[in-house]
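Please treat every number below as a calculation from the coordinates, not as lab data. What you see is a predicted model; the values in this text were computed from it and never measured. Using ideal geometry, Cβ is built from the backbone for each residue, glycine included, and neighbour counts are taken over all protein chains shown.
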Amino acid sequence: MSKPKIVVLGAGYAGMMTTKRLMQKLGPDEAEIVLVNKHNYHYQTTWLHEVAAGTRNQNQARMMISDVINPNRVSLIYDEVTEVKKEENRVVLKNSEVSYDYLVISLGFETNTFGIKGMEKNAFSITDIESSRMIREHIEYQFAKYSTSVKKNENDLTILVGGGGFTGIEFVGELAEQVPKLCKKYDIDRSKARIINVEAAPRILPGFNDDLVAYAKKSLEDRGVEIREGAKISECKKNSFVIGDDGEEIKAGTIVWTGGVTGNSILGKSGFEITKGKVTVESDLRAPGEENIFIIGDCAWVMNKEEGRPFPPTAQAAMQHADTCSTNLKGLIRNEQLESFTFDDKGTVASLGKSDAMGTVFSERLLYGTPATAMKKVIDNRYLFLLGGPKLILKKGKLRML
Ligand code: FAD
Ligand code: NAD
């Protein structure tokens, strides 16, 4: 009898960890495992703001998939998924197709511009390695252009970031360290370069602990970041945001939108029932009504039953989905009981550049400054450890703890 075939779509946090766990939980004779990804590399999405700011080289934030997933055990397909034909147990790729007995959809997020006029066309977004590299190059070009032009336009030196959630705040934290270096490199007076974060809610990081938000705001403002709160962006023009009720226009040479994310649009194209861009999955992480399809990571809404709303989309959650998903695939193959997903909240730590951070650990404990910076690096290195052991930490890890 042929082995059941498990196909995992997307090699992000959820897909990589699911594949890794399947290799550990199932014997080679129990299932054929296939991993499909757009590129031959895996990147740490949680490091992309560093790549975008230019504080980390893109190659330090990615690794070849075949270096961490044994290609003798898992078939690796580097191609783009275009549609899942769930009635036919088949996935259509750009250049071929693949059939499955069991499917894991872990295709991650896309940027959500909420239909704001001009945003998709005129703003950059931090979505993957390529989009992040383009931001870094654009910023550097703006500074180089300013330094060599005869008729100087100071707006070229303004970096405008829309959205003061964790991505926007971590990004301006990196910029606070990179902009002085760029000013030095191109002989520009630091006071001429501006970093502006614009947030619609009354304060940045809505819903997060008040003391930590106050700490983050002070840390960023002390290093020259301008924070505009209660300022809803209504339009993005070629070189500006239009904000607030009075239509104030803020001009800039670089515009980055970090105002929200949604699930991969392949879900909708493939006929899954979508709520705000994602599929609300069952407690065992399967798509409703689908016996053999799991949807995990940023493509899934996993309900927090106690609070009556979904858990936020994070790498922490995506990795935990991978544990439950791989256990349940084993359960289906071995005819065992499936388990329900439970989220183990280990806290949230956000960097404010390389030298500062803040957050919570084990839900209630607040961390600021040096201990938070060290904790953030422990979290980043832990993922590398789970994926590739100490060798991967030595190769790609954040080894300077402070
Ligand atoms: P991803 O990690 O996005 O992986 C999706 C994969 O699918 C990618 O490899 C992609 O190339 C591939 N793919 C996409 N479309 C296709 C296609 N059509 N065909 C083939 N392959 C495809 N969360 C935290 O918990 N802690 C943090 O500190 C943190 N920091 C963040 C910082 C930034 C800048 C950002 C943007 C997010 C951060 N997050 C953080 C959120 C976290 O990164 C996401 O929740 C997590 O990446 C989701 O994992 P995933 O596997 O679902 O998707
Ligand atoms: P988000 O949805 O969490 O934040 C977007 C922000 O943009 C919100 O504060 C929102 O009020 C603001 N916004 C939306 N529309 C606006 C408008 N028209 N004008 C001005 N502001 C507007 O998105 P994100 O920051 O990309 O985070 C996505 C997910 O990734 C979240 O679950 C987050 O927790 C996670 N994440 C975690 C970390 C971490 O743990 N360190 C870091 C980055 C991201």
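Report the calculated FRET efficiency for Ser75 and Ser340 (r = Cβ-Cβ distance, R0 = 25 Å), to the nearest 0.05.
0.25
If amide hydrogens are placed 1.01 Å from N in the peptide plane, which non-local residues have theirs closer than 5 Å to the one on Thr127?
HN-HN under 5 Å from Thr127: Ser132.
Compute the acute angle (0 to 90°) between the alpha-carbon long axis of helix 315-334 and the principal axis of greatest extent of the alpha-carbon atoms of the chain; round to the nearest 10°.
10
Full extension from Asp29 to Thr82: what is 0.36 nm times the residue separation minus their Cα-Cα distance, to one decimal in nm?
Here the answer is 16.1 nm.
Taking +1 at the Cβ of each Lys and Arg and -1 at the Cβ of each Asp and Glu, which of Gly247, Phe208, Ile195 sits farthest along the dipole of the stretch 119-257 towards its positive end, judged by Cα position relative to the Cα centre?
Ile195
How big is the dipole moment of the chain about its Cα centre under a simple scheme where the beta carbon of each Lys and Arg is +1, that of each Asp and Glu is -1, and everything else is neutral? Debye, nearest 20, please.
Computed charge dipole of the chain: roughly 1360 debye.
To the nearest 20 Debye, how big is the dipole of the stretch 119-257 about its Cα centre, given +1 on the beta carbon of each Lys and Arg and -1 on that of each Asp and Glu?
Values: 21 positive and 24 negative charges, 122 e Å.
My answer is approximately 580 debye.
How would the chain be classified by its alpha-carbon gyration tensor: rounded, prolate or oblate, with rounded meaning a/c under 1.5 and the a/b versus b/c comparison settling the rest?
prolate
If each residue's Cβ is checked for other Cβ atoms within 10 Å, how do Ser2, Ser99 rank with the fewest at the top?
With the sparsest Cβ surroundings first, the list reads Ser2, Ser99.
At Asp187 and Glu137, where each label point lies 7 Å from the Cα along Cα→Cβ, what is the point-to-point distance in nanometres?
Placing both labels 7 Å beyond Cα along the Cβ direction yields 2.7 nm.
Using the crude model of +1 on Lys and Arg Cβ and -1 on Asp and Glu Cβ, and no other charge, please compute the dipole size for the stretch 27-114 relative to its Cα centre, in debye to 20.
Details: 8 positive and 13 negative charges, 80 e Å.
I would put it at about 380 debye.
Once label points are set 7 Å from the Cα along Cα→Cβ at both Leu386 and Thr275, what is their separation, rounded to one decimal in nm?
Reported label-point gap for Leu386 and Thr275 is 2.5 nm.
Would you mind ranking Phe385, Phe311, Phe171, Phe272 by Cβ crowding within 10 Å, fewest neighbours first?
Phe385, Phe311, Phe272, Phe171
At 7 Å along the Cα-to-beta-carbon direction for both Arg90 and Glu306, put a label point, then send me their distance in nm to one decimal.
4.6
Assuming 0.36 nm per residue, please report the length gained on full extension of the stretch Asp211 to Asn153 beyond their Cα-Cα distance.
Roughly 17.1 nm would be gained on extension.
Can you give the extra length, in nm with one decimal, that the chain gains between Ser265 and Ser355 once fully stretched, where that is 0.36 nm per residue apart less the Cα-Cα distance?
Details: separation 90, 0.36 × 90 = 32.40 nm, distance 3.66 nm.
Gain on stretching Ser265 to Ser355: 28.7 nm.
Positive end of the dipole of the stretch 63-180, charges at C-beta (+1 Lys, Arg; -1 Asp, Glu), about the Cα centre: which of Ser96, Leu157, Asn72 has its Cα farthest in that direction?
Farthest along the dipole direction, towards plus: Leu157.
Distance between the C-alpha centers of the stretch 1-49 and the stretch 334-365? Whole Å please.
Cα centroid of the stretch 1-49 versus Cα centroid of the stretch 334-365: 22 Å apart.
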